[in-house]
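A.B. asks: Before I ask anything, here is the structure I am working with.
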Amino acid sequence: MSGPAPTEPSRPTLRQVADLSGVSLKTASRVFNEEQYVAPETAARVRAAAAQLGFRPNTIARELRAGARSALVGLIIGDVANPFYARIARGAERRLRDAGLRLITASTEEDPALERALVSDLLERRVSAMLIVTCGSDHGYLQPERNLGTPLAFLDRAPQDIDADSVVLDNHAGVTDAVRQLLDRGHRRIAFVGDLSRLPTHLERVAAFEQAVTEAGIADWRRYMRDGAHETDSAEAEVRALLSLPIPPTALVTANNRITIGALRALRGSTQPPALIGFDDFDLADLLGVTVIAHDPEQMGQLGAELLLDRLAGRWGPTRRVLMPTRLLPRGSGERELAVTA
């Protein structure tokens, strides 16, 4: 014979905790709200009953009922699999944890519509503040939240249409340093393999590249310009296409860590690879001898968190834009001299 049909599991309630511990619902509530006038032995009995039942108090609901600010901060990133974003999250999380706050992270996969949905979802859950690595260009929907006093800070990519705090890289200096080093090694056919064309970081890095090569008297730089190579596979394809040109580039500047990895795959087995400088450091780049434009993503996350903490502490004032420096790390690939036969 078959037994009784299994019932759908449900979370234990505060009423069940009160009944098991032999106290009133009000007394059980006082225990979890850490109110006074509850005898220690009674509180211990209530907590033992809660542990036995697996009861967890709804901290968010309790905070909202009490009019307190949520202890949660939202972080929107592009892709959780990218180590760059993971390091941003680690820096932000450590700083917020020190302040008694917790970080909730969501990934947009570089989809502006998904970004907007995720931001709205986190705000509906009453996060106290938001850190955003945006992939979109329309942020007007955030203005009402700004007007209500919710702190917002944008990381890596500054917003174009809303006044908000931001922490960004000195993209101009980083790309300029890379191009000048390649020029000093005799290179003139320098390719730039870029990210999604709608991203602010891509636009800034392309503008810096254009200025540097134009000032060097290179008029046909656009023939070696590529964008849309956001993933390693597309980057590999773009670099292979560049190297297949009748007159291929002798040097490459890649716009982010994934594009650099794609370029390395395209260059695998090459007996005379072009010089290569990539934006963003990445694991094993030092062992592979890859010259990079380096910066500190963890510090970016930390600085973004500090901007939010200042706002949460009531220190309002003009919008702040923190510009983080970059540095060129020579490891070999970017120091290749122009071959005489190139």
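A.B. asks: Quick check: the angle from helix 112-124's long axis to the longest principal axis of the chain, C-alpha only, nearest 10 degrees?
C.D. replies: The answer is roughly 30 degrees.
A.B. asks: If each of Asp184 and Arg265 carries a label point 7 Å out from its Cα toward its Cβ, how far apart are those two points in nm?
C.D. replies: 3.3 nm
A.B. asks: Sort the following peptides by mean Cβ neighbour count (other Cβ atoms within 10 Å, averaged over residues), highest first: 206-212, 46-52.
C.D. replies: Numbers: 206-212: 18.9, 46-52: 17.0.
Highest-to-lowest ranking by the protection proxy: 206-212, 46-52.
A.B. asks: Starting with the highest mean, order 182-190, 101-109 by the number of other Cβ atoms within 10 Å, averaged over the residues of each peptide. The partial results should precede the final answer.
C.D. replies: Working: 182-190: 19.3, 101-109: 17.6.
Per-residue mean Cβ counts within 10 Å order the peptides as 182-190, 101-109.
A.B. asks: While we're on this one: Can you list residues from other chains, or at least 5 along the same chain, whose modelled amide H is less than 5 Å from the amide H of Leu75?
C.D. replies: Placed amide hydrogens put Ile104, Thr105, Ala106, Leu131 under 5 Å from Leu75.
A.B. asks: Given a cut-off of under 8 Å on Cα pairs at least six residues apart, what relative contact order in percent is computed for the range 14-57?
C.D. replies: On the way: 36 pairs, mean separation 19.6, N = 44.
Computed over the range 14-57, the figure is 45 percent.
A.B. asks: Less than 19 Å from a label point 7 Å out along the Cα-to-Cβ axis of Arg198: which backbone N atoms in the range 132-149 qualify, by residue?
C.D. replies: Zone members listed by number: 132-143.
A.B. asks: Please compute the modelled spin-label separation between Glu35 and Ser120, points set 7 Å along Cα→Cβ, answer in nm with one decimal.
C.D. replies: Calculated label separation equals 3.8 nm.
A.B. asks: Given a Förster radius of 22 Å and the C-beta distance between Asp310 and Ile104 as r, what FRET efficiency does 1/(1 + (r/R0)^6) yield to the nearest 0.05?
C.D. replies: On the way: r = 20 Å, r/R0 = 0.92.
It comes to 0.60.
A.B. asks: Computed FRET efficiency, Cβ-Cβ of Asp163 and Leu329, R0 30 Å: what is it to the nearest 0.05? Walk me through the numbers before you get to the answer.
C.D. replies: Details: r = 35 Å, r/R0 = 1.16.
With R0 = 30 Å, the Cβ-Cβ based efficiency is 0.30.
A.B. asks: Got the relative contact order for the range 43-165 handy, in percent, Cα pairs under 8 Å and 6 or more residues apart? Write out the running numbers ahead of the final one.
C.D. replies: Details: 155 pairs, mean separation 29.8, N = 123.
Averaging sequence separation for qualifying contacts and normalising by length gives 24 percent for the range 43-165.
A.B. asks: Relative contact order for the chain: what percent, with Cα pairs under 8 Å and sequence separation of 6 or more? If you can, show how the numbers build up before the last one.
C.D. replies: Values: 587 pairs, mean separation 57.1, N = 342.
Relative contact order, the chain: 17 percent.
A.B. asks: May I ask which residue of Ala275, Ala241, Phe84 lies farthest towards the positive end of the charge dipole of the chain, with charges of +1 (Lys, Arg) and -1 (Asp, Glu) on Cβ and the Cα centre as origin?
C.D. replies: Phe84
A.B. asks: Tell me which GluC sites (Glu not before Pro) from the range 293-342 have a DSSP coil assignment and no more than 12 other beta carbons within 10 Å of their own.
C.D. replies: Those satisfying the criteria are Glu337.
A.B. asks: With label points built 7 Å along Cα→Cβ from the Cα atoms of Ala48 and Leu148, find their separation and express it in nm.
C.D. replies: With each label point 7 Å from Cα toward Cβ, the separation is 4.4 nm.
Only the coordinates and a few stated rules stand behind these numbers; no lab work does. Owing to the predicted nature of the structure, the values given are computational and were not obtained by experimental measurement. No Cβ is skipped: glycine too gets one built from the backbone with ideal geometry, and neighbour counts run over all protein chains shown.
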